[in-house]
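Visitor: Before anything else, here's the structure in question.
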Amino acid sequence: MNVHQDGEQQVENNENEVNTVPKFTKLFSRAMDQFRLRVFFLFLERLYIIISMSIILFLLSLKNCGWNDLHYWVLFSSIQAIFSLVLYGQLFHFSNIQSIQQHLAFHYVQIVFVPLNEVTDHPVAPEVFDPTANLSTIELDKKADVMQMQIRQEIVNQSRFCKYNNIFSNVTNQAIFIWTIYYIVATPQESSGEASDCNKWPIIQTYIYGSFLFLQYSQYYLLVALALVMLPFILIYLIIRCFTDRRKKQQALMALNDLQKNKILYKPNILEGEQECSICMQPYQTDDEVLQMPCSTLHHFHNTCISAWLQIQSTCPNCRQQLLPDNQQPLLQQPQQQEEL
Ligand SMILES: [Zn+2]
Ligand SMILES: [Zn+2]
């Protein structure tokens, strides 16, 4: 809570000194409104779930239906919904506390100071003072969406109970969702009239709670679904790349072997172009072992330098041309220098 007090202190100081009042930016108030609305709806959803599940459990006991898996689902999901209800209630409560709002606005630099004579009762700054007022509606919505999630994370951390309940609720929500999907996909087709009477309302509840949970986490579920669809393609790509890389490396090593016959002992002006190795940047010394590349008579290197290079790469360091063994070389230029040796 120290941070909030600091925030308030800062506000007061500023007021005293230059007669300004801190106001929220349009972006921040939009994000805050979105967050509150979302949390409020989640709260109502859970309230509905708890009440309807309790009524169903009561009716089931009146009918002497006994306990099957589906009825345990009703019991557990209503107990779990109580924790979520408390969480969303707390989040809504925290988001309405002014000191927390101000702390968050300071944290995300969404406070502007408005001169006293320009101040209105509205918590949002007049547009002339607000740098976020110029954003287009689409940009504003996008940024507010991101900020809303950041706000949620900050507000969750306001109390330890909230923090742990948030983790608990998120995990159990997924468990309940999977359990719910199981019933939706594999609803037991009851033959006897009495049994289906006992399961009718719980089955309807699986659809309702299932769609609540899906909507709440839809963006994450879609991401997971997308990742699962993409996974085989990524794996195939990686395997193919692994094989082609290995083949290229083998070819380069074979090419290096073939190149050994182009090896020359350096004598001044025996080579075309620069009289230095462009891998180690050292000028050639007399009797250095130099390798001439097949791609160009201008591309030549120390034997040791190009051998080390071809351990990790399969191309000419100068022109990046793929090195192929002699029998696969498309246009093999026999260097002239060998005759002079
Ligand atoms: Zn070199
Ligand atoms: Zn080259």
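Visitor: Relative to the first principal axis of the alpha-carbon coordinates of the chain, what is the inclination of helix 193-259, with its axis defined by its Cα atoms, in degrees from 0 to 90 and to the nearest 10?
Guide: With rounding to tens, the tilt is 10 degrees.
Visitor: When only DSSP loop residues count, what chymotrypsin sites (Phe, Trp or Tyr not before Pro) in region 23-78 have their Cβ near at most 14 other Cβ atoms within 10 Å? Numbers along the way, then the final one.
Guide: Working: sites: F24, F28, F35, F40, F41, F43, Y48, F58, W67, Y72, W73, F76; in loops: W67.
Taking region 23-78 and a limit of 14 other Cβ atoms within 10 Å, the loop chymotrypsin sites (Phe, Trp or Tyr not before Pro) found are W67.
Visitor: Angle between the Cα long axis of helix 2-18 and the longest principal axis of the chain, 0 to 90 degrees, nearest 10?
Guide: With rounding to tens, the tilt is 90 degrees.
Visitor: Using Cα pairs under 8 angstrom and six or more residues apart, how large is the relative contact order of region 44-203, in percent?
Guide: Numbers: 80 pairs, mean separation 55.8, N = 160.
Relative CO of region 44-203 lands at 35 percent.
Visitor: Next up: Roughly what angle does helix 98-107 make with the longest principal axis of the chain, taking Cα atoms, 0 to 90 degrees, to the nearest 10?
Guide: Tilt relative to the chain: about 10 degrees.
Visitor: So, one more: Determine the relative contact order of the chain: mean sequence separation of Cα pairs under 8 Å and six or more apart, normalised by residue count, in whole percent. Provide the component values of the computation, followed by the final result.
Guide: Details: 335 pairs, mean separation 56.1, N = 341.
The normalised contact order for the chain reaches 16 percent.
Visitor: Shifting gears a bit: If each DSSP helix of 4+ residues adds -39,500 (n - 2.57) and the sum is divided by the residues in the chain, what number results at 222 nm, nearest 500 deg cm²/dmol?
Guide: Working: 9 runs with 218 residues, N = 341.
Calculated from helices alone, the mean residue ellipticity at 222 nm is -22500 deg cm²/dmol.
Visitor: Per q in 0.06 1/Å, what log10 I(q)/I(0) does a Debye calculation on the alpha-carbon atoms of the chain return?
Guide: -0.55
Visitor: Give the residue from G66, L235, N96 lying farthest towards the positive end of the charge dipole for the chain; charges sit on Cβ (+1 for Lys and Arg, -1 for Asp and Glu) and the dipole is referred to the Cα centre.
Guide: Farthest along the dipole direction, towards plus: G66.
Visitor: Roughly how much of I79 is accessible, in Å² to the nearest 10, using a 1.4 Å probe?
Guide: Answer for I79: close to 80 Å² accessible.
Visitor: Among K143/K163; K26/K143; K23/K143; K26/K163, which pairs are too far apart, with a Cα-Cα distance over 22 Å? Please report the intermediate quantities before stating the final value.
Guide: Numbers: K143/K163 25 Å; K26/K143 11 Å; K23/K143 19 Å; K26/K163 28 Å.
Long pairs (Cα-Cα over 22 Å): K143/K163; K26/K163.
Visitor: Amide H to amide H, which residues 5 or more places from D288 or on other chains are under 5 Å from it, using H placed in the peptide plane?
Guide: Residues meeting the criterion, in which the H sits 1.01 Å from N, are Y266.
Visitor: Counting only residues 5 or more places away or on other chains, whose amide H sits under 5 Å from the amide H of S296 once H atoms are built in the peptide plane?
Guide: Amide H neighbours of S296, under 5 Å, 5+ apart: none.
The values are calculated or read from the model by the stated rules, or taken from the named source; none is laboratory data. No experiment lies behind these values; they were computed from the predicted model shown. Here the Cβ is made from the backbone with ideal geometry for all residues, glycine too, and neighbour counts use every protein chain on show. Accessible surface areas use protein heavy atoms only, side chains included; no ligands, DNA or RNA. Shrake-Rupley method; radii C 1.70, N 1.55, O 1.52, S 1.80 Å.
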